[in-house]
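Novice: This structure is in structure tokens; I'll ask about it shortly.
The values are calculated or read from the model by the stated rules, or taken from the named source; none is laboratory data. Since we're looking at a predicted model, the values are computed, not measured. Here the Cβ is made from the backbone with ideal geometry for all residues, glycine too, and neighbour counts use every protein chain on show. Areas reflect the complete protein model, heavy atoms only, side chains present, ligands, DNA and RNA absent. Shrake-Rupley method; radii C 1.70, N 1.55, O 1.52, S 1.80 Å.
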Amino acid sequence: MVKGPGLYTDIGKKARDLLYKDHNSDQKLSITTQSPAGVAITSSGTKKGDLLLGDVAFQLKQKNITTDLRVCTDNTVLITATVDEAAPGLKSIFSFRAPDQNSGKIELQYLHDYAGISTSMGLTQNPTVNFSGVIGTNVLAAGTDVSFDTKSGNFTKINAGLNFTKDDLIASLTVNDKGDSINASYYHIVNPLFNTYVGAEVSHKFSSKANTITVGAQHSLDPLTMVKTRVNSAGIANALIQHQWTPRSFFTISGEVDTKAIDKNAKVGLALSLKP
């Protein structure tokens, strides 16, 4: 088990990944190759209805510096440079999306045995500053996540969270949208031998009095094949099967159906990811 409480984004992450990661209703193809010089090249395409989106990404790692370059079909280029362990426990991230001159952002992350801090700021004249901090241990941790707009002088985001980890379960509670919504999640390891996990998420929005309950599960049919299911209180059911046909190469088929619709509208997604 990793020491320390981690970052604020780690609160409830296990449950979120179980319930939402890899579920999609689009057709997606992703291929990654490695050049002799150590450059990883990833080409991906996604078909959403009649719209076809694609990008090509390049990643170069040199010692503790990772440089990512992503060229998208919308004529934008995303550049990200990450310096890991610039000092003990410190990571710095710089990102910029061309041709948007106001998209530059710098982020600093610091991990300690009893704290995790992340702060980011846009590189503009009147930037939005984001700060998140977590204190505690790898068993119990509490934190907050806030954003402040220096131009308007207002807080644009105020969130708080609590995370409890014990043996085979993780329970999380977050308050979001400046106190307008509350989210509770639960993640349980049923059988680690077969990667069998179950999870649930309950969300309540005070302004609309809307409640959403989502439950899901994951299970490995064999060492190379995994299935996941998910259903929420709105009657939307999702399922996927993912097979690792070569090391780090995955083939995923996912589907979605509205169980409350008269015509039982269904969507099917196909994802293929190839990595050397």
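Novice: Which one of SER95, SER43, SER25 is over 18 Å from the mean Cα position of the chain (by Cα) and of a type in the set (Ser, Thr, Tyr)?
Specialist: SER43
Novice: Sticking with this one: Yes or no: region 9-27 includes at least one residue that is touching a His at 6+ places or on another chain (Cβ under 7 Å) and open to solvent by less than 30 Å² (accessible area, probe 1.4 Å). Outline the logic, then answer.
Specialist: Filtering region 9-27 for residues touching a His at 6+ places or on another chain (Cβ under 7 Å) gives none.
No, because not a single residue in region 9-27 is touching a His at 6+ places or on another chain (Cβ under 7 Å) and open to solvent by less than 30 Å² (accessible area, probe 1.4 Å).
Novice: Quick one: is GLY116 touching a strand residue (DSSP E or B) at 6+ places or on another chain (Cβ under 8 Å), on the phi > 0 side of the Ramachandran plot and either at pLDDT 90 or above or not in a strand (DSSP E or B) (or both)?
Specialist: no
Novice: How many of the residues making up region 125-143 are closer than 17 Å to GLY4 by Cβ and assigned to a strand (DSSP E or B)?
Specialist: The qualifying residues number 9.
Novice: Next question. For region 34-76, which positions are exposed (fewer than 14 other Cβ atoms within 10 Å of the Cβ) and within 26 Å of LEU108 (Cβ to Cβ)?
Specialist: Scanning region 34-76 gives GLN62, LYS63, ASN64, ILE65.
Novice: Of these, SER185, SER254, SER203, which one is closer than 24 Å to THR165 by Cβ, of a type outside the set (Phe, Trp, Tyr), part of a strand (DSSP E or B) and touching a Gly at 6+ places or on another chain (Cβ under 8 Å)?
Specialist: Only one candidate passes the filter, namely SER185.
Novice: Taking THR174 as the residue in question, decide whether it is in contact with an Asp or Glu (Cβ under 8 Å, 6 or more places away or on another chain), part of a strand (DSSP E or B), among the hydroxyl-bearing types (Ser, Thr, Tyr) and on the phi < 0 side of the Ramachandran plot.
Specialist: no
Novice: Considering only region 121-177, state which residues are surrounded by fewer than 14 Cβ atoms within 10 Å (Cβ to Cβ) and among the basic types (Lys, Arg).
Specialist: Scanning region 121-177 gives LYS151, LYS166.
Novice: Would you please list the contacts, defined by Cβ atoms under 6 Å and residues six or more apart or on different chains, that run from a residue in region 180-204 that is in contact (Cβ under 8 Å) with a residue 12 or more places away in the chain to a residue that is open to solvent by less than 30 Å² (accessible area, probe 1.4 Å) and among the charged types (D, E, K, R)?
Specialist: SER185/GLU201
Novice: Need the failing condition index for SER181 against (1) over 28 Å from GLY122 (Cβ atoms); (2) touching a His at 6+ places or on another chain (Cβ under 7 Å), just the number.
Specialist: Checking SER181 against (1) over 28 Å from GLY122 (Cβ atoms); (2) touching a His at 6+ places or on another chain (Cβ under 7 Å), the one that fails is (1).
Novice: Residues that are closer than 23 Å to PRO5 by Cα, part of a strand (DSSP E or B) and hydrophobic (A, V, I, L, M, F, W, C): does region 148-158 have at least one?
Specialist: Yes, the conditions are met somewhere in region 148-158.
Novice: I'd like to check something: does region 221-236 contain any residue that is in contact (Cβ under 8 Å) with a residue 60 or more places away in the chain, within 20 Å of the chain's Cα centre (by Cα) and under 30 Å from VAL134 (Cα atoms)?
Specialist: Among the residues of region 221-236, at least one is in contact (Cβ under 8 Å) with a residue 60 or more places away in the chain, within 20 Å of the chain's Cα centre (by Cα) and under 30 Å from VAL134 (Cα atoms), which makes the answer yes.
Novice: Moving on. Restricting to region 2-22, count the residues that are part of a loop (DSSP other than H, G, I, E, B) and either closer than 29 Å to SER273 by Cα or small (Gly, Ala, Ser) (or both).
Specialist: Pass one, region 2-22, residues part of a loop (DSSP other than H, G, I, E, B): 2-7, 11-12, 21-22.
When the remaining residues are screened for being either closer than 29 Å to SER273 by Cα or small (Gly, Ala, Ser) (or both), the result is 2, 4, 6-7, 11-12, 21-22.
The qualifying residues number 8.
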